[in-house]
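To start, the structure under review is shown below, and the notes come after it.
The values are calculated or read from the model by the stated rules, or taken from the named source; none is laboratory data. Remember, predicted model here, so these are calculated numbers, not experimental data. When we count neighbours, we look across all protein chains shown, and the Cβ atoms used for this are built from the backbone with ideal geometry, even at glycine. Side chains are part of the model used for accessible areas, which takes the heavy atoms of the whole protein and leaves out ligands, DNA and RNA. Shrake-Rupley method; radii C 1.70, N 1.55, O 1.52, S 1.80 Å.
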Amino acid sequence: QVQVVESGGGLVQPGGSLRLSCAASGSIFSINPMEWYRQAPGKQRELVANITSDATSMYADSVKGRFTISRDRAKNTVYLQMNSLKPEDTAVYYCYMHCQLVRWGPKYGYWGQGTQVIVSS
């Protein structure tokens, strides 16, 4: 059984920063890639950033230069450092882990429960 848990959300003023964390636990052989999504009220869930096992990362245009994704492979944890936050960054943020449970086995995707980020003065 794999569990994925996010933390670090909250209320922040425009221009502020937050750091989100997401940890996967259970019997996991590897995770690749690790991803962050977000869903604002009334909108579809969108990919924010992802990072591969060799630390290659990609970002949505809306967050480039402001957000940084990183990972700790030993801890099966991914982080999202969010700087210069804007009201339009307000959303529930989810991580999605592409997990391989055994060597040479298939990958399965696991969602976290989400963490709320509110950017408001």
Treat each spin label as a single point 7 Å out from the Cα along the C-beta direction, and report the residue 64 to residue 13 distance in nm.
3.0 nm
Just to be sure I understand: with springs between alpha-carbon atoms less than 10 Å apart, which residue in 38, 73, 103 has the highest mean-square fluctuation in the Gaussian network model of the chain?
103
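Can you tell me the FRET efficiency between residue 54 and residue 102 if r is taken as the Cβ-Cβ distance and R0 is 22 Å, rounded to the nearest 0.05?
0.55
So in the chain, what percent of DSSP beta bridges are antiparallel if you round to the nearest 5?
Restricted to the chain, the bridges split so that about 95 percent are antiparallel.
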Which of the cysteines in the chain are isolated, no other cysteine C-beta under 4.7 Å?
99
Leaving out ligands, DNA and RNA, and with a 1.4 Å probe, what % of the accessible surface on region 21-61 is carbon or sulfur?
49 percent
Average accessible area per residue (Å²) across the chain - probe 1.4 Å, nucleic acids and ligands excluded:
54 Å²
Can you pull the Kirkwood radius for region 1-58, inverse mean 1/r over Cα pairs, to one decimal in Å?
13.6 Å
Pulled fully out, how much extra length does the chain show between residue 116 and residue 44, if you take 0.36 nm times their separation in residues and subtract their Cα-Cα distance?
24.4 nm
Spelling it out for residue 114: with amide H atoms placed in the peptide plane at 1.01 Å from N, the residues 5 or more places away or on another chain with amide H under 5 Å from its amide H are 6, 95
Eigenvalues of the Cα gyration tensor times 5, then square-rooted: what semi-axes does that give for the chain, in whole angstrom, largest first?
26, 14, 12
